[in-house]
Structure formats: structure tokens, C-alpha cells
Amino acid sequence: MLARGFIGPIGDDLPSLIPLLVGLVMFFSTFTLTFNAFDHTNREVDNDISVMRISRTLQSNSYIFGYDNFASLCERVGTVNIKYVAGLSSQGTLHSDGYENVKSIFDVKFFTDSENDTFVCSNSESHDSIDLVKNYLSLEESQSNTVVTRIFPIVVEDEKIVKPMHLFVVAWK
Amino acid sequence: MNQKGQAAVTDALYFLMIVTFLSIFLFGFANSYGNSVKQQINDELNVTFATNALKTILYSSTTRDPGASINDPDAEIDYLAAILKEDFADDQELSEPTRKVLGKTISRILSPIEDNLDYIFIITTAGNEAEKKIVFMYVHTTNFVEEEVPISGRGYTIYRAGTPSHYNFFCAIGEESESTFDSFFKEALTRLVSNIGPTSEASAKIKLSKIASDGEPGRVNAQVDLIMWDATWLGTTPDRENGLFYAETPLTPLPSWNCGEPFDPEADPGAAD
């Protein structure tokens, strides 16, 4: 009677294999998801910390005495594990000067002082003129990268006038 | 043999149950991992922005003529803080042109966050209760429009951005007795700040000048505060009978705030760079 239902060592345990396999698939799926989320978050935090490091160095005490001061702060940024372009722009603060109020980060134009020095700092090559963000990172290039943007108010002394501006930091990886 | 098979299925179900709990734990961990660090980074950014904005406002130069541009070679340019001191010295109040120049500077410096955050910029004189006074108050608030969602029995309300998207007001103006630090701080301002959720704040001490009745110059200790918060509805709600800054519409602040007409920093002809 018992032997009639016997279909072999594996066949007899077949019903128990189904929940075992479901459990294993569920576990490894969740494990992969968790690992990916963990990795993604770590990369995001690393990028944020790198951008914060660049921003803090360039901000200094929120008062830039001139281009030489900005250039020395730029040198202090050193090596970072992310591509970036950072610079000062007066578009948001002095846009009665003929500039249009900036609507996109790619249209940001960096400030050029009375001695024709452009306040820009980058570890990436510009495709064209150095005073536009889109010459370092275009909208198309940004689609395939993780882009982090930060903006901070700052003042710059130019011709003995203390001009309010914004420090733009755009980083991508 | 049947009993052995039943035992194996039971073991497998126990295994499945353990794996399910483990998966739920891992899933929860994956969802919440890094949230507190991201929140801390965001808070740090907001506080740094507020601190830098305050420094930038206080360090900035501006033209003495409110209609001139800072890049005009013939314009007489001075520090904004110096113009404030000079205007304050004679009658311990800021005139309308000075308020507009200051309001415009504040709006432009804080323009990167104006769509996401609302803010208040306040200058108060220090001292004993009688001497404390609000010298300047500038409020930036999002123009939310309240709309009832037509679902019967639900009572949902949504707040969407109206046109214009923001309003700026000079507040604590008018009668001196109505704009004392005491009446504002203890009632309206404290109530607002304690009900708007997390804020990012920056403060700085400054010194203003005053000319006494005998003509002798004197110093007045003052404090500048910038308070920013996530843009939110500040009017009445079913749980809040009295609004925080306005009742029904952001265009009409509560009378206790003593605000003037809305100020458009980009349209007002009397307040250029």
C-alpha cells in the first residue's frame, strides 16, 4: 500500500522542494536588491561629500578678495573622485546688467572681472569657451551621468566693489 | 513514507517563513539605508546656504541712488550695511528706499531657493524690553491657492502654486507701538516659527549708529536673523483656526504683522542695483 505512492527519493520530496526554491529565489532577489540599494546610496553619499568638499574649499569665508584668491582656493581643492566645474556667477544677483535670469544650470555664465579673469575652477576640459557650464557638461552628457549641483551665495571684490554673486558647483560621475 | 513527506513539507514551509522574515528585514533596510545621512547632508547644506546668504547680504556693496546700477562708473557705491546705519542713525527707522534696496538685495541673493523655501529676514535692536524693536522685516512666502478636492465625504484640500508664484512683504512697519520686538516676537513670530516644521537659521550681531538728541553719536547693538523653511501653507486649516501669517490668502497677511503692499523686487522702479 505504501509502496504504491512511492515515486522515488526526489519525487517523494518534490512538494517540499517548491517552498524551498521559492524561499531561495525570494532571498537572493531581496539580497541583490539590498546590495544594489546599498551600493547606490553609498555612491550618492560619496558624491555629496566630494561636492561638499569642493564647495567648502571654494567658499572659504564667503568673501573672495579677487581672482588670485579664487585661483589659490581652486588649487586647494586638489584631487577628487568626481568631475566638476565650479565658478562664480552674477546672473542671479546683478541681472539688470544685461544678463538674463538663469533658468537652467547649463546656461550659467561665469563671472569675468575687470581684468578679464574668469572665475571658474574645473578638473574637466571645456569644449569651447571656459565661461559656460554647458561647455563642460552638456544636457545630453548629463543624461548618462549622475549630476550633483550646489549653489551658495558669496561676495567678490572687484574694482573695490563688493559684488554679491553665487558659487555654482556642478559635479558629475 | 507519507509522514516523512509531510515532515519535509513542514520543514520547507518553516524555511520559507524564516526567509520571508529575512527578506522583509533586508527590504526595510534597503529602503531606509542612508536616509539619515542624506537628511544630515541636506540640513548642513541649508544651514550653510543661510549662513553664506547672511554674510553676503551684510558684506555687499550697493548704490546710494536706488535707481542706479552697481556697474555704472558714475554711481556712488557704498556698503549696504553702511547705508543701513546711515539711514537708521537719524530717526532709528529705515526709510522706504532703503527698505527696497535691502529687500531687492535679499531677494536676489536668495533667488536660488525662492521656489522651494520661504524665509524671513529680520533686523532687531538689542537691549532691554523697552529698547528692543524690529527695525526691518522682510517676508517671502509662496502664493499657495487652496482648492477643495470634489470627493464626497473626504474633505481633501490641495494647495497649488498660484500666479505670481511668490509674494514678498515688508512687515513690522507703521506705528512704532505696533512693531515692537516684544509684541511680534512673543506672539506672531514665535507662533509661526514653532509651527512651520524644520527651519534653517542664521544669525549675526551688527552695530547700528544713532544720533542722540544732544547731537552726540552713539551705538546700537542689533541682531540680524534669517530663517528659512520648506514652503508651506501658512493660513487657516481645519486643525488651525488662526493662520500663521495669513488667513485665507497669502496676499493678505494678518493685521498683527503690519505688512505693506506686496513688493516685487524685479518690477519696482525705485529699487535697482
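Out of segment B:196-208, which residues are of a type in the set (S, T, N, Q) and either in a loop (DSSP other than H, G, I, E, B) or buried (at least 16 other Cβ atoms within 10 Å of the Cβ) (or both)?
Scanning segment B:196-208 gives B:199, B:200.
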Within segment B:90-132, the count of residues that are more than 22 Å from residue B:56 (Cβ to Cβ), touching a strand residue (DSSP E or B) at 6+ places or on another chain (Cβ under 8 Å) and touching a residue at least 40 places away in the same chain (Cβ under 8 Å) comes to 7
Search segment B:209-226 for residues being buried (at least 20 other Cβ atoms within 10 Å of the Cβ) and out of contact with any Phe, Trp or Tyr (no Cβ under 6 Å at 6 or more places or on another chain), and hand back the single one that is farthest from residue B:142 (Cα to Cα). B:222
Return a yes/no flag: does segment A:122-141 have any residue that is farther than 18 Å from residue A:75 by Cβ, facing another protein chain (nearest Cβ under 10 Å), modelled with pLDDT of 85 or more and surrounded by 18 or more Cβ atoms within 10 Å (Cβ to Cβ). no
Among (1) of a type in the set (A, V, I, L, M); (2) buried (at least 16 other Cβ atoms within 10 Å of the Cβ); (3) touching a Ser or Thr at 6+ places or on another chain (Cβ under 9 Å); (4) within 10 Å of chain A (Cβ to nearest Cβ), the one test that residue B:24 misses: (2)
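Collect the residues in segment A:148-173 that are surrounded by fewer than 18 Cβ atoms within 10 Å (Cβ to Cβ) and more than 11 Å from chain B (Cβ to nearest Cβ), keeping them in residue-number order.
A:173
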Please go through segment B:67-89 and give me each residue that is touching a residue at least 24 places away in the same chain (Cβ under 8 Å) and of a type outside the set (A, V, I, L, M), ordered by number. B:67, B:69, B:71, B:85, B:86, B:88
What's the number of the condition residue B:104 fails, among (1) more than 8 Å from every other protein chain (Cβ to nearest Cβ); (2) under 19 Å from the mean Cα position of the chain (by Cα); (3) modelled with pLDDT of 90 or more? (3)
In the list B:35, B:31, B:52, which residue meets the criterion of being more than 7 Å from chain A (Cβ to nearest Cβ), within 21 Å of residue B:116 (Cα to Cα) and either of a type outside the set (Asp, Glu) or touching a residue at least 40 places away in the same chain (Cβ under 8 Å) (or both)? B:35
Per the filter on segment A:37-49, residues out of contact with any strand residue (DSSP E or B) (no Cβ under 9 Å at 6 or more places or on another chain) and either closer than 12 Å to residue A:80 by Cα or within 8 Å of chain B (Cβ to nearest Cβ) (or both) are A:37, A:38, A:41, A:42, A:45, A:46, A:49
Being in a strand (DSSP E or B), surrounded by fewer than 22 Cβ atoms within 10 Å (Cβ to Cβ) and more than 13 Å from every other protein chain (Cβ to nearest Cβ) is the filter here; which residues of segment A:50-93 pass it? A:83
Can you tell me how many residues in segment B:214-264 are β-branched (Val, Ile, Thr) and within 25 Å of residue B:58 (Cα to Cα)? 3
Given the conditions (1) modelled with pLDDT under 90; (2) more than 7 Å from chain A (Cβ to nearest Cβ), report the number of the one that residue B:8 does not fulfil. (2)
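The values are calculated or read from the model by the stated rules, or taken from the named source; none is laboratory data. Values in this document were obtained by computation on a predicted structure and should not be read as measured data. All Cβ positions, even for glycine, are placed from backbone atoms using ideal geometry, and neighbour counts span all protein chains on display.
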